[in-house]
Amino acid sequence: MKIGTPKEVFDGEARVAMTPDSAVQLQKLGYDCAIESGAGLLAGFSDKAYSEAGVEIKKTAAALWKDVDVVAKVREPDDGEMKRLTADHTLISFFNPAGNDKGLQAAAKKGASVISMEMVPRISRAQKMDALSSMANIAGYRAVIEAGNNFGRFFTGQVTAAGKVPPAKVLIVGAGVAGLAAIGTATSLGAITYAFDVRPEVAEQVESMGAEFVYLDFKEEQKDGAETGGYAAVSSPEFREAQLAKFRELAPEMDIVITTALIPNREAPKLWLKDMVKSMKPGSVIVDLAAPAGGNVEGTVQDEKVVSDNGVTIVGYTDFASRMAAQASSLYSTNIRHMMADLTPEKDGVVVHNMDDDVIRGATVTFKKEITYPPPPPKVQAIAAKSQEKPKELTPEEIRAQEADAFKAQTKQQVILLATGALLTLGLGLIAPVSFMQHFIVFVLSVFVGFQVIWNVSHSLHTPLMAVTNAISSIIILGALMQIGSGSFLVIILAALSVFMAGINIFGGFLVTRRMLAMFQKS
Amino acid sequence: MDLGFTTAAYVVAAILFILSLGGLSGQESAKRAVWYGIVGMALAVFATLIGPGSGLWFFSIILIAGGGIIGYMLASRVEMTQMPELVAGMHALVGLAAVFVGFIADFEMGNVAIAKEAGTAKDLTGFAALIAKKSAIELSILRVELFLGVFIGAVTFTGSVIAYGKLSGKVTSAATKLPGGHALNAGAAIIAALCLIWYLQSGSLLAVVIMTLMAFFIGFHLIMGIGGADMPVVVSMLNSYSGWAAAAIGFSLGNDLLIVVGALVGSSGAILSYIMCKAMNRSFVSVILGGFGGTSGPAMEVEGEQIAIDADGVAAALNDADSVIIIPGYGMAVAQAQQAVSELTKRLRGQGKEVRFAIHPVAGRLPGHMNVLLAEAKVPYDIVLEMDEINEDFPSTDIAIVIGSNDIVNPAAQDDPNSPIAGMPVLECWKSKQVFVSKRGQGTGYSGIENPLFFKENTRMFYGDAKESLNKLLALIN
């Protein structure tokens, strides 16, 4: 079968759904690849690069759509593209099924299979095709760069000959993928970064990225993020008030605010209100990553950069990923490639649309003339249940008490052992003859010496230790040597055998030990 | 030569033996220490040969030399991966020798008794002369001693033979028991105890023979019931037994050097067994009785999937990493992959990366097995670290590579209180940024427990034979 990628028709869209690299991988899955001439130009991939990767170049979009079985693209198809869609096509693209009823109807009517990249379920197995995450990652990064572009100061604090530069303070609202990417970028540029999220369980992730988590003084039964598939849920009015009060408190201090708060299938919550914008310092920058869903900031204008009366720049672009087209295309095309790999279990270039597979089922929005959106909930839970409570930290006093107890117990144990040992020995002394006791003393002392010596043996030398103890345990040869000369033929035979076996052991044991020890070398 | 000289030689030999064991505390001093052992042994044998009570010394020297040649050939040919078998096999020899020596002592007692009645006791020489001097109570004690020596020796013999078979793959390494299980062992032990009473009263040789057979059975059945991965405990336990057998024989022969060395070896093996058991968080008894203990509840569900990766992916990650920790296990020994591991280490270190090894105490089939294999492959010993030394470093490590180990890197030991291995100390490799697991297939380890490590998000499974996988990888590391 053939996979084709047309040039994106959406104005200003620079991304492309197939790169020369991904084409090579797709060919390994058994597919032929085709691309519309100039499709990758804006993302930095020339037609030449594609044809070198074995991709067929089609002059026009019409020719491409006609010739291919699978169409991979980025933006949701427009009306013109929907017309080209036929029953033989499998379309893989962002499709916005929640707000694109018309498109769903049209595709179902034609009988085309549509896989919507934003519907890939959030389970570990599907991470490699989670295009929303990979695009959000880019958006988060770009948001900081965009903010820096509009911010007239350094991010990092410096002390220079020309004066001291304070570090920029950055607040990230919403610690999803985009938020975390923004945190990482801002901290690595040297800014003091704060982050807020309605899900307190992400505090650990935030702190691991080097930012400070902003906690609210608010007690409420939080919904476990796992229930909502790892996304934020709508919060209660009281919670919202507490949140806004915190933002109000932070607003005057912040130089840069990046908002990324989105709730799936809803308008973005307004979190940064007019009065907060007003209380910010002139020259501050707000980047509203939620602009496509209406924006988190009051005053955001979609796709534009506006400056408020008090000199605060509000960036409302919606094409952050497209602004980094080369990177975005390579990640997105890899997501598509993984999706194709799941659709091609045999690697024979034939699409097997397995509707029993959680991932494929979830992402498919039309199949066999039917609309299959919204999908049933996935069988696998998105995120593991909350881990158990950590054991309570002990206070120093408790630790000390524990140590004292342990020491007492140990002493007690030792005394009991010694006492029983001594009693047994004494008892033995009462009945055993002197000649035995003389040997017994030697025995007990040797055991003690043995224990003391062996504890110091290094762990790495345990095998040589076994070999050497093996060799010296052939000391039994002495017994055989003492007996061999006395008595009958049978005695001589048995003693001779013992001497012989012990001889094997002595030489074998010592030699192999030496061989092993010689191998241990210092670097 | 008189007894005084022999005893003096024994004292010197005993000190040399202690020093040779003590020297094993460090790699460099160990190289010197092994010579102490050799000299001590030579001195002891020499002193016995020229001392009172020995005879046929020329014949003895020929026998020792003959055994020596075989020992030399064995020692120089053995592969380091076969080390566990060799050690087990050699224990068998000591055990059998102890049995023989014990039997001879019994024969001699019979001969002495006859000689005494015939009034020719004064003509007796050697060991027999020693016996002739003993009083009745001393003879009883002698009987107990040689009885014990023969018993322990016999258990050591069959146990070691089975351990050898299991380690070399000639006997199935799965735990197998006859119907009746440990009741059979207990029965055999009781019969042996009854034989002791019988023997003390009658001095009958038959009692010793029956007891020996029982001991043979116990050794066989006990070790058959223990699975392959518990072999480190078994081998060190047998090591210990061979020592105790020598000590018991030493008592019956009245030879202090035998007692000293037997006690040294016995305690050494006992400590090794203890260390191994501790490393598995299991009691010695539970290991010897075989199998893992029951679980106290359902195991935690493992979520996620095992994600495979190919050599390209691993190579790319390794090329980017700064610090790598390699965790070898028995699988590495089976695949004979230590040379490839060493080569990989050399190349990565050549690129200025920090490469270290983490060794779990029970990795492999013999205490310290992994260390020897890595040493053979010329991995410098100062980058091969113990579990306690390296466990804290995983969070700051870029890549952990698990080669052929399973239970010793199982996070269930810490996370799941219901797991059969709960509480066992494990290498916390999942705390490193990324984990690669080189493994043949998706099976579970020796304990049969699912390993949640393989399902973690930062784990990638590098399926295939360890040696082939690593060789593929080597081609890609520039």
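The values are calculated or read from the model by the stated rules, or taken from the named source; none is laboratory data. This is a predicted model, so every value here is computed, not measured. Every residue, glycine among them, receives a Cβ derived from its backbone with ideal geometry; neighbour counts consider all protein chains shown. Surface areas here come from the heavy atoms of the whole protein model, side chains and all, with no ligands, DNA or RNA. Shrake-Rupley method; radii C 1.70, N 1.55, O 1.52, S 1.80 Å.
When restricted to residues that are at pLDDT 85 or above and in contact with a Leu (Cβ under 8 Å, 6 or more places away or on another chain), segment A:415-446 contains 2.
Among the conditions (1) more than 14 Å from chain A (Cβ to nearest Cβ); (2) open to solvent by 50 Å² or more (accessible area, probe 1.4 Å); (3) without any contact (Cβ under 8 Å) to a residue 12 or more places away in the chain, B:Ser204 misses just one, which is (2). In the set (1) open to solvent by less than 10 Å² (accessible area, probe 1.4 Å); (2) within 7 Å of chain A (Cβ to nearest Cβ), the condition left unmet by B:Gly40 is number (2).
Please find, within segment A:264-321, the residue that is surrounded by the fewest Cβ atoms within 10 Å (Cβ to Cβ) out of those that are in contact with a Phe, Trp or Tyr (Cβ under 9 Å, 6 or more places away or on another chain) and of a type in the set (Phe, Trp, Tyr). Selected residue: A:Phe320.
Residues that are over 27 Å from the mean Cα position of the chain (by Cα) and open to solvent by less than 60 Å² (accessible area, probe 1.4 Å) within segment A:28-43 comprise A:Gly30, A:Tyr31, A:Cys33, A:Ala34, A:Ile35, A:Glu36, A:Ser37, A:Gly38, A:Ala39, A:Gly40, A:Ala43, listed in sequence order. Within segment A:497-523, restricting attention to residues that are touching a residue at least 24 places away in the same chain (Cβ under 8 Å), aliphatic (A, V, I, L, M) and open to solvent by less than 10 Å² (accessible area, probe 1.4 Å), the residue that is farthest from B:Arg32 (Cα to Cα) is A:Ala502. Filtered by the rule that a residue be more than 8 Å from chain A (Cβ to nearest Cβ) and open to solvent by less than 10 Å² (accessible area, probe 1.4 Å), segment B:10-22 gives a lone residue, B:Ala13.
Condition check ((1) among the charged types (D, E, K, R); (2) open to solvent by less than 20 Å² (accessible area, probe 1.4 Å); (3) at pLDDT 90 or above) across all residues:
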{"site": "A:Thr19", "(1), (2), (3)": "no, yes, yes"}
{"site": "A:Ser22", "(1), (2), (3)": "no, yes, yes"}
{"site": "A:Lys48", "(1), (2), (3)": "yes, no, yes"}
{"site": "A:Asp69", "(1), (2), (3)": "yes, no, yes"}
{"site": "A:Glu76", "(1), (2), (3)": "yes, no, no"}
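Among the residues of segment B:173-184, is any open to solvent by less than 50 Å² (accessible area, probe 1.4 Å) and assigned to a helix (DSSP H, G or I)? Checked against the condition, which is being open to solvent by less than 50 Å² (accessible area, probe 1.4 Å) and assigned to a helix (DSSP H, G or I), segment B:173-184 yields no hits at all. Could you go through segment A:454-466 and let me know if any residue there is facing another protein chain (nearest Cβ under 7 Å), open to solvent by less than 30 Å² (accessible area, probe 1.4 Å), under 20 Å from B:Gly153 (Cα atoms) and touching a helix residue (DSSP H, G or I) at 6+ places or on another chain (Cβ under 8 Å). Yes, segment A:454-466 contains a residue that is facing another protein chain (nearest Cβ under 7 Å), open to solvent by less than 30 Å² (accessible area, probe 1.4 Å), under 20 Å from B:Gly153 (Cα atoms) and touching a helix residue (DSSP H, G or I) at 6+ places or on another chain (Cβ under 8 Å).
Residue by residue, here is whether (1) loosely packed, with under 15 Cβ neighbours inside 10 Å; (2) under 21 Å from A:Leu461 (Cα atoms); (3) of a type outside the set (A, V, I, L, M); (4) modelled with pLDDT of 85 or more holds:
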residue	(1), (2), (3), (4)
B:Leu289	no, no, no, no
B:Gly294	yes, no, yes, no
B:Gly297	yes, no, yes, no
B:Ala308	yes, no, no, no
B:Ala315	no, no, no, yes
B:Gly329	no, yes, yes, yes
B:Ala333	no, yes, no, no
B:Gln339	no, yes, yes, yes
B:Glu354	no, no, yes, yes
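Being in contact (Cβ under 8 Å) with a residue 24 or more places away in the chain, more than 13 Å from A:Gly450 (Cβ to Cβ), at the interface with chain A (Cβ under 10 Å from one of its Cβ atoms) and not basic (Lys, Arg) is a description that applies to B:Ser236. Could you tell me whether segment A:281-288 includes any residue that is at pLDDT 90 or above, in a strand (DSSP E or B) and of a type in the set (Lys, Arg)? No, segment A:281-288 contains no residue that is at pLDDT 90 or above, in a strand (DSSP E or B) and of a type in the set (Lys, Arg). Cβ separations smaller than 9 Å between residues 6+ apart or across chains give the following pairs from segment A:245-274 residues that are on the phi > 0 side of the Ramachandran plot to residues that are part of a helix (DSSP H, G or I): A:Asn265/A:Ala98; A:Asn265/A:Gly99.
For segment A:128-138, check the following and say yes or no: at least one residue is more than 21 Å from A:Thr372 (Cα to Cα), basic (Lys, Arg) and touching a residue at least 60 places away in the same chain (Cβ under 8 Å). Looking for residues that are more than 21 Å from A:Thr372 (Cα to Cα), basic (Lys, Arg) and touching a residue at least 60 places away in the same chain (Cβ under 8 Å), one finds at least one in segment A:128-138, hence yes. The residue list A:Ile441, A:Ile484 contains one member that is open to solvent by less than 90 Å² (accessible area, probe 1.4 Å) and either out of contact with any strand residue (DSSP E or B) (no Cβ under 6 Å at 6 or more places or on another chain) or over 25 Å from B:Ala13 (Cβ atoms) (or both), which is A:Ile484.
Checking the conditions here, which among A:Phe448, A:Phe440 is within 14 Å of chain B (Cβ to nearest Cβ) and either within 52 Å of the chain's Cα centre (by Cα) or farther than 24 Å from B:Glu138 by Cβ (or both)? Don't jump to the end; show me each part of the working.
Numbers: A:Phe440 fails: either within 52 Å of the chain's Cα centre (by Cα) or farther than 24 Å from B:Glu138 by Cβ (or both).
After ruling out the rest, the residue left standing is A:Phe448.
Could you identify the single residue in A:Ala195, A:Ala181, A:Ala203, A:Ala131 that is buried (at least 17 other Cβ atoms within 10 Å of the Cβ), under 17 Å from the mean Cα position of the chain (by Cα) and either β-branched (Val, Ile, Thr) or within 22 Å of A:Leu244 (Cβ to Cβ) (or both)?
Details: A:Ala195 fails: under 17 Å from the mean Cα position of the chain (by Cα); A:Ala181 fails: either β-branched (Val, Ile, Thr) or within 22 Å of A:Leu244 (Cβ to Cβ) (or both); A:Ala131 fails: either β-branched (Val, Ile, Thr) or within 22 Å of A:Leu244 (Cβ to Cβ) (or both).
Exactly one residue qualifies, and that residue is A:Ala203.
Checking each residue in segment B:68-95 for being at the interface with chain A (Cβ under 9 Å from one of its Cβ atoms) and open to solvent by 30 Å² or more (accessible area, probe 1.4 Å) picks out B:Ile69, B:Ile70, B:Tyr72, B:Met73, B:Leu74, B:Ser76, B:Leu93.
Report those strands (runs of 3 or more DSSP E) wholly inside segment B:315-400 carrying at least 2 residues which are touching a Phe, Trp or Tyr at 6+ places or on another chain (Cβ under 9 Å), within 14 Å of chain A (Cβ to nearest Cβ) and of a type outside the set (S, T, N, Q).
Numbers: elements: B:323-328, B:354-359, B:384-386.
Result: B:384-386.
Among the residues in segment A:473-495, are any more than 7 Å from chain B (Cβ to nearest Cβ), under 18 Å from B:Phe157 (Cβ atoms), part of a helix (DSSP H, G or I) and not aromatic (Phe, Trp, Tyr)? Scanning segment A:473-495 turns up at least one residue that is more than 7 Å from chain B (Cβ to nearest Cβ), under 18 Å from B:Phe157 (Cβ atoms), part of a helix (DSSP H, G or I) and not aromatic (Phe, Trp, Tyr).
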